[in-house]
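Novice: Before anything else, here's the structure in question.
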Amino acid sequence: MKGEQFLIRKIQFSLVYDEGKSWASKEVVVRALANGLGSSQFGFVVSRRVGNAVVRNRVKRRLREIIRKIPVQPGWDIIIIARNPAPAASFMDLSQSVRKLLVRAGLVTGENEGFSAGTN
């Protein structure tokens, strides 16, 4: 994943929060909004409630690695928000949780033919 594939500006996050749809599980929340670009961009949110800096950074590294391995459809701004149980979850559980939400959202290529991102 290259640097331009990450959401970094506050306005980008605000737009996804205000106009995007969300899907939630115990460990994470996925918010997504179509961006009209040829690639998808990702943002990661891990609040202080999740843990200290070491824990938060570990969760972010895990989420980035999980996203790197999932074939996401191009043209979306996606924010992944870690919840309190995320640090205690194994890498496999966290990965399955993120994948399930992205499939439910219709954002994974190949696994959801005919499924649109506009439905829950």
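Novice: Do you know the relative contact order of the chain, to the nearest whole percent, from alpha carbon pairs under 8 angstrom that are 6+ apart? Don't jump to the answer; show the numbers that get you there.
Specialist: Numbers: 188 pairs, mean separation 35.7, N = 120.
Answer for the chain is 30 percent.
Novice: Starting from the Cα coordinates of region 1-46, work out the convex hull volume and express it per residue in Å³.
Specialist: Working: hull volume 4.3 nm³, N = 46.
Hull volume over Cα atoms, normalised by residue count, gives 94 Å³.
Novice: Okay, next question. Would you work out the charge dipole size for the chain about its Cα centre, treating the Cβ of every Lys and Arg as +1 and the Cβ of every Asp and Glu as -1, and quote it to the nearest 20 debye? Write down the numbers at each step before the final one.
Specialist: Values: 20 positive and 9 negative charges, 127 e Å.
That gives the chain a dipole magnitude of about 620 debye.
Novice: Would you calculate, for the chain, the mean residue ellipticity at 222 nm contributed by helices, counting each DSSP H stretch of 4 or more residues as -39,500 (n - 2.57) and dividing by all residues, to the nearest 500?
Specialist: On the way: 3 runs with 41 residues, N = 120.
Helices in the chain give a 222 nm mean residue ellipticity of -11000 deg cm²/dmol.
Novice: In degrees, nearest 10, range 0 to 90: what is the angle between the Cα axis of helix 10-19 and the longest Cα principal axis of the chain?
Specialist: That works out to roughly 60 degrees.
Novice: Using the Karplus curve 6.51 cos²θ - 1.76 cosθ + 1.60 with θ = phi - 60°, what ³J(HN,Hα) values do you get for each residue of region 57-73, in whole Hz, with x for Gly and Pro?
Specialist: Ordered by residue, 3J(HN,Hα) equals 5, 4, 4, 5, 4, 5, 5, 4, 5, 4, 5, 4, 8, 9, x, 8, 4 Hz.
Novice: Follow-up. Cα convex hull of region 3-103: how many Å³ per residue? The partial results should precede the final answer.
Specialist: Details: hull volume 9.8 nm³, N = 101.
Given the Cα convex hull of region 3-103, per-residue volume reads 97 Å³.
Novice: Which FRET efficiency, nearest 0.05, do residue 9 and residue 61 yield, Cβ-Cβ r, R0 30 Å? Before the final figure, lay out the partial values.
Specialist: Values: r = 22 Å, r/R0 = 0.72.
It comes to 0.90.
Novice: Just name one of 40, 81, 20: the one whose Cα is farthest towards the positive end of the charge dipole of region 3-103 (beta-carbon charges, Lys/Arg +1, Asp/Glu -1).
Specialist: 81
Bear in mind these aren't lab numbers, they're just calculated from the coordinates by the rules spelled out. All values derive from a computational prediction rather than experimental measurement. When we count neighbours, we look across all protein chains shown, and the Cβ atoms used for this are built from the backbone with ideal geometry, even at glycine.
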